[in-house]
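The values are calculated or read from the model by the stated rules, or taken from the named source; none is laboratory data. If you're wondering where the values come from, they're calculated on a predicted model, not measured in any experiment. Positions of Cβ are generated from backbone atoms using ideal geometry, with glycine treated the same way; all protein chains shown enter the neighbour counts. Surface accessibility is based on the protein's heavy atoms, side chains included, excluding ligands, DNA and RNA. Shrake-Rupley method; radii C 1.70, N 1.55, O 1.52, S 1.80 Å.
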Amino acid sequence: LFLLVTVTPSAANVLVNPGFESPVVPVGGPPEYYGAGDGWTSFRGGIYTITSAVGVPPNTGNQLLKMFGGCCSGAWQQFACTPGDTWNGGVWMRNDSVDPMGGGQVGAVNIEWIQADGNTQSTIIPFISNGTFTAASPLDTWTLQTITGMAPADAAFARLVVITGDFQPGGPAGAPFYDDAFFELTGSVPVEEGT
């Protein structure tokens, strides 16, 4: 008698510092510092971890992320993966009246599929994006933006990216805010080469 068992990974948030709480912005000092904080690799200019002292309440905790700029500002974390892995990610976003989004500004959460060198995007599916958070999104409300994707045959890493930029006509304006990101390996199926 043989028993075939399929193991599905339990979904657990693999991100370090998902709420942008570390390091702590010092009390009495400037209410912000450059970058997304511990665990995150930040890129381009307009990205700051801030406290609620700037007038924007975090979704949870005491700190949140503010991003702005032409094209583009963002932060990422990446994790080893196997072709066929399904990853589920997301982040809470806010369009706040303190610095409302405008023009062509978009807030997005992406999954990038990265090859074994740790830097080059997949040639099969470079990335997928949920870029539906825009200046038309409700003001002063935290909105969950999610994304799910399956790693292609040439992927060795799955990278969660939170990003903003002027991706639509109209010019950059304002800043989306981010909090409580997550990234989870939720399952895996075999993938043949070339798919």
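Quick look at the values:
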quantity: Extension gain, ASN13 back to ALA153 (0.36 nm per residue minus Cα-Cα distance, nm); calculated: 48.1 nm
quantity: Heavy-atom accessible surface of the chain: percent carbon and sulfur, 1.4 Å; calculated: 59 percent
quantity: Cα-centred dipole magnitude for the chain, charges only on beta-carbon of K, R (+1) and D, E (-1), debye, nearest 20; calculated: 220 debye
quantity: With DNA, RNA and ligands ignored, accessible area of LEU139 (1.4 Å probe; Å², nearest 10); calculated: 90 Å²
quantity: Candidates THR123, THR143, THR164, ranked by Gaussian network fluctuation over the chain, Cα under 10 Å, top entry; calculated: THR123
quantity: Net lengthening on full extension, LEU139/ALA53 (0.36 nm per residue, minus Cα-Cα); calculated: 29.1 nm
quantity: Long-range HN-HN contacts of ASP85 with modeled amide H, under 5 Å; calculated: ALA151, VAL189
quantity: Equivalent ellipsoid semi-axes, segment 85-152, via Cα gyration tensor eigenvalues times 5, rooted, Å; calculated: 29, 12, 9
quantity: ALA173-GLN115 pseudo-label distance in nm [points 7 Å out on the Cα-to-Cβ vector]; calculated: 4.1 nm
quantity: Choice from PHE157, PHE133, PHE43 showing the highest fluctuation, given a GNM over the chain with Cα pairs closer than 10 Å; calculated: PHE43
quantity: At 0.890 mPa s and 25 °C, Stokes D of the chain from Kirkwood alpha-carbon radius, µm² per second; calculated: 142 µm²/s
quantity: Which of VAL109, PRO126, VAL24, positive extreme of dipole for the chain (C-beta unit charges); calculated: VAL24
quantity: Accessible surface, per residue, of the chain when the full set of protein chains is kept, probe 1.4 Å, Å²; calculated: 46 Å²
